[in-house]
Amino acid sequence: MRLELLWHIVSVEARRRMTYRADFWIGSVAGIVVKFAVAAFIVGAIFRESGAGRIGGFTYQEMLLYYVTVVLMGLFVQTSEREQSVSQEIYEGGLTRHLLYPVSYGTMKYAQQIAAAVPALIQATLLTVWVPWAVGIPEGLTWGSAARGLAALAAANMLHFLLTYPVQLVAFWADNVWSLLVMHRFASALLGGMLVPLALFPEGARRVLELLPFRYLYAFPVEAFLGRVPPRDWAAGMVLSAAWCGVFTLIGRAVWRRGMLEYTGVGI
């Protein structure tokens, strides 16, 4: 795929996402404020009921900062508007026109996801300005940890797409895959550290979760960014994340080839 074409897809999609700027910003800020308030309430309740000064290796301030960071980074990882675009196009028959384009369908859809994530990254960057005053700056956060966290975040965005892509392709055989996407979203949030930091899981469960792809969607980028992951462990995590990307790329291609044998071009 030519870089010019990729850039054109990203540019057009990003502009479309920000067409209604007032709605874009009001919805985003309101959503983040609500999530932050809920996180502060839950974290405060946990520490008050336990009476402990540190839980799972987190102080109250550190856990609150973890939740703030995972919400902001989640904007870039999750692009919910694009999550059902593939299944919808298969269901309605809109996939047909994409087969005529001089680019593979999966690559084009990933370019659209990148475009959808660009405004989210802008949001997260601007909204991060108030975090040091509201929550504080962790001791482990350095320029090096920030760079490692952003690299892990980029890998998380790709892994999220590759995880949802085969699920959406089930639309070749099913009328609606919305329930599967909801199950995937919940499993990713729970097992990936968005709902609960993985440090709060039992030790045996943590060892298993470190091998699964879900950790590399949320917990790993956040922990790397906050300086809670040593450089050697970060490198090992990036290798494992890349390996999972490779696995789900192969799965996606296999499901695509099988599904195209079922596709009639007129929708379902």
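Here, each number is a calculation from the coordinates, and none is a lab measurement. The structure presented is a predicted model; accordingly, all values stated were derived computationally and were not measured. Note: ideal-geometry Cβ built from the backbone for every residue, glycine included; neighbour counts use all protein chains shown.
FRET efficiency for the pair Asp175 and Ala254, taken as 1/(1 + (r/R0)^6) with r the Cβ-Cβ distance and R0 = 25 Å, rounds to 0.70. Couplings 3J(HN,Hα) of the stretch 58-66, computed from phi: 10, 7, 4, 5, 5, 5, 5, 5, 4 Hz, in residue order, whole Hz [Karplus 6.51 cos²θ - 1.76 cosθ + 1.60, θ = phi - 60°; x for Gly and Pro]. Between Ala40 and Arg185, residue separation times 0.36 nm minus the direct Cα-Cα distance comes to 50.0 nm. The string of couplings for the stretch 38-52 from the Karplus curve (6.51, -1.76, 1.60, θ = phi - 60°) is 5, 4, 4, 5, 5, 4, x, 5, 4, 6, 5, 5, 6, x, 8 Hz, one whole number per residue in order, with x for Gly and Pro.
Size descriptors for the stretch 160-268: radius of gyration and Dmax over Cα atoms are 16.5, 52 Å. Placing a pseudo-label 7 Å from each Cα along the Cα-to-Cβ vector at Ser104 and Leu150 gives an inter-label distance of 2.8 nm. Below 8 Å between Cα atoms, with a sequence gap of 6+, how large is the relative contact order for the stretch 31-104 in percent? So the answer I get is 27 percent. Computed from phi, the 3J(HN,Hα) profile of the stretch 217-226 under the Karplus parametrisation 6.51, -1.76, 1.60 (θ = phi - 60°) reads 8, 10, 4, 5, x, 5, 5, 5, 5, 7 Hz, with x in place of Gly and Pro.
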